[in-house]
Amino acid sequence: MITAFPWHEPLWHTIHTAYQKDRLPHALLFCGVQGMGKTALAQRLAALLLCETPLADGNPCQQCKACQLRQANNHPDFLEIAPAEAGKQILIDQIRQLIQFCALTSHHGRYQVALIHPAEAMNHNAANSLLKILEEPPAKTVLLLVSHQPSALMATIRSRCQRVDFSKVNPAVTQQWLSQQLPNHPAIPLLLNLSAQAPLTALALAQGDALNQRQQLLDSLIKLPTGQEEPIKVAELWGQMEAIQVIHWMLSWTMDLIRLQLAGQQSPVTNIDKRNALQGLAPTVPLPRLFELLEMEKEAYQLIKGTSNVKPQGLFESLAITWGRVRRKE
Ligand SMILES: [Zn+2]
């Protein structure tokens, strides 16, 4: 399956032009937040490099033997490397498999293509092995690395890849696409704001129960500082929600309060639907308290996101208690 999203077009144009001029680098790093369709664009390039008779616009013909093999996930010149399970590491054995793959010549006389996603999942040994391939790239082989967090990659890996940067996509294009996917949805800009402007994340957010949960969470964050809610009960409520999502929303709420305090009441906020509540709360909360919360939330985010088996309930209780006394000056 080749998926072409409209916000990819300028990036695709650059890549396709380089391909046509035979100036495609041997390694590309597709980077940007999750939910931009980075892997889909990398797969589209892989399809072009494998197809025997690509179309003039760079799309694969979908007819030739190579396209059929690729569609059946059975093309010998294509290797996909990903963690065995989401959240796990990419191990050195997987990169050894890549080294063997690179030592072969292409079965179909076109390119050999490897896709590594997410590249930041490589453990230290795996990354070091990959570096050796990048230092002496085999001919007619293209490595496609996808990363949601390129800063987590070794600098020496980053510097040997050409960046395909998804952070500068045109917001008008993503808004229009999302409006087409969600006709009559009242809160398209909010959905994108809550998703770091990533349209695929925004779409998933609209389709689940997440917005209701966010409403409950923000209600409790508005009431906790006024003493209208019991922190332990609130923490129980948060415990029924998806933990990483709770922290993510809480961080965006705290950041908004800090923005309003530092840059004034008219400064832009992420939670645009709650501007009135934010403007009411911001002047009543001492800034050092907000920074204290920000640190706690970042730490909780890392703990919950990491591989350690941390129970979020204890973290939620401390956070709810701190939110409950956020107005107190000490
Ligand atoms: Zn083809």
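The values are calculated or read from the model by the stated rules, or taken from the named source; none is laboratory data. All figures in this text were calculated on a predicted structure; none of them were measured in a lab. When we count neighbours, we look across all protein chains shown, and the Cβ atoms used for this are built from the backbone with ideal geometry, even at glycine. Areas reflect the complete protein model, heavy atoms only, side chains present, ligands, DNA and RNA absent. Shrake-Rupley method; radii C 1.70, N 1.55, O 1.52, S 1.80 Å.
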Checklist entry - Counting only residues 5 or more places away or on other chains, whose amide H sits under 5 Å from the amide H of ILE81 once H atoms are built in the peptide plane? => result LEU115, ILE116, HIS117
Checklist entry - Among all lysine pairs in segment 6-169 that are eight or more places apart or on different chains, how many have alpha carbons less than 22 angstrom apart? => result 5
Checklist entry - Got a sec? What order do LYS132, LYS311 fall in by accessible area at 1.4 Å, biggest, i.e. largest, first? => result LYS311, LYS132
Checklist entry - How large, in percent, is the carbon and sulfur part of the accessible surface of segment 208-324 at a probe radius of 1.4 Å? => result 53 percent
Item to check | Relative contact order [Cα under 8 Å, 6+ residues apart], the chain, whole percent | outcome: 17 percent
Next on the checklist: Run the simple label-point estimate for GLU242 and ALA18 please: 7 Å along Cα→C-beta, distance reported in nm.
Outcome noted: 3.2 nm
Next on the checklist: Sort ARG327, ARG214 by heavy-atom solvent-accessible area, probe 1.4 angstrom, most to least.
Outcome noted: ARG327, ARG214
Next on the checklist: If you restrict to DSSP beta bridges whose two residues both lie in the chain, what percentage is antiparallel, to the nearest 5?
Outcome noted: 0 percent
Checklist entry - Applying the Karplus parametrisation 6.51 cos²θ - 1.76 cosθ + 1.60 with θ = phi - 60° to the phi angles of segment 98-109, what ³J(HN,Hα) value in whole Hz is obtained for each residue in order, glycine and proline being reported as x? => result 5, 4, 5, 4, 5, 6, 7, 9, 4, 6, 10, x
Checklist outcome for this item: Partner aspartates and glutamates whose C-alpha sits under 12 Å from that of LYS274, ignoring same-chain residues fewer than 8 away, are ASP219, ASP256
Checklist entry - Going by accessible area, probe 1.4 Å, with all protein chains left in place, what is the ranking of ILE272, ILE304, largest first? => result ILE272, ILE304
Checklist entry - Taking Rh as the Kirkwood radius, which is the inverse of the mean 1/r over Cα pairs, what is the Rg/Rh value for segment 208-324? => result 0.94
Checklist entry - Under the definition of Cα pairs under 8 Å and six or more residues apart, what whole-number percent is the relative contact order of segment 21-64? => result 22 percent
Next on the checklist: If I ignore ligands, DNA and RNA and count only protein heavy atoms, how much of GLU236 is accessible to a 1.4 Å probe, in Å² to the nearest 10?
Outcome noted: 110 Å²
Item to check | Stokes-Einstein D for segment 6-169, Kirkwood Rh over Cα pairs, 4 °C, 1.567 mPa s (µm²/s) | outcome: 81 µm²/s
Next on the checklist: Counting each pair of different Cα atoms once, what's the Kirkwood radius of the chain in Å, rounded to one decimal?
Outcome noted: 22.3 Å
Next on the checklist: Taking the full set of protein chains and a 1.4 angstrom probe, give the accessible area of MET122 in square angstrom, rounded to the nearest 10.
Outcome noted: 20 Å²
Checklist entry - At SER151 and GLU85, where each label point lies 7 Å from the Cα along Cα→Cβ, what is the point-to-point distance in nanometres? => result 2.9 nm
Item to check | Cut-off 14 Å, label 7 Å out along Cα→Cβ of ASN74, residues of segment 25-67 by amide N | outcome: 65-67
Next on the checklist: Leaving out ligands, DNA and RNA, and with a 1.4 Å probe, what % of the accessible surface on segment 1-97 is carbon or sulfur?
Outcome noted: 51 percent
Next on the checklist: Accessible area per residue for the chain in Å², computed with a 1.4 Å probe and the full protein assembly in place, what is it?
Outcome noted: 50 Å²
Item to check | With Cα atoms, 0 to 90° folded angle of helix 38-50 axis to the chain main axis | outcome: 0 degrees
Checklist outcome for this item: Note on segment 6-169: contact order normalised by length, alpha-carbon pairs under 8 Å, 6 or more apart, percent, works out to 34 percent
Next on the checklist: Could you work out [θ]222 nm for the chain from helices alone, using -39500 (n - 2.57) per DSSP H run of at least four and dividing by all its residues? Round to the nearest 500 deg cm²/dmol.
Outcome noted: -15500 deg cm²/dmol
Checklist outcome for this item: Straight-line reach check, LYS233, cutoff 21 Å on alpha carbons, 8 or more apart in-chain or any other chain, hits among lysines -> LYS223, LYS311
Checklist entry - Accessible surface of TRP177 in the full protein assembly, 1.4 angstrom probe, to the nearest 10 Å²? => result 30 Å²
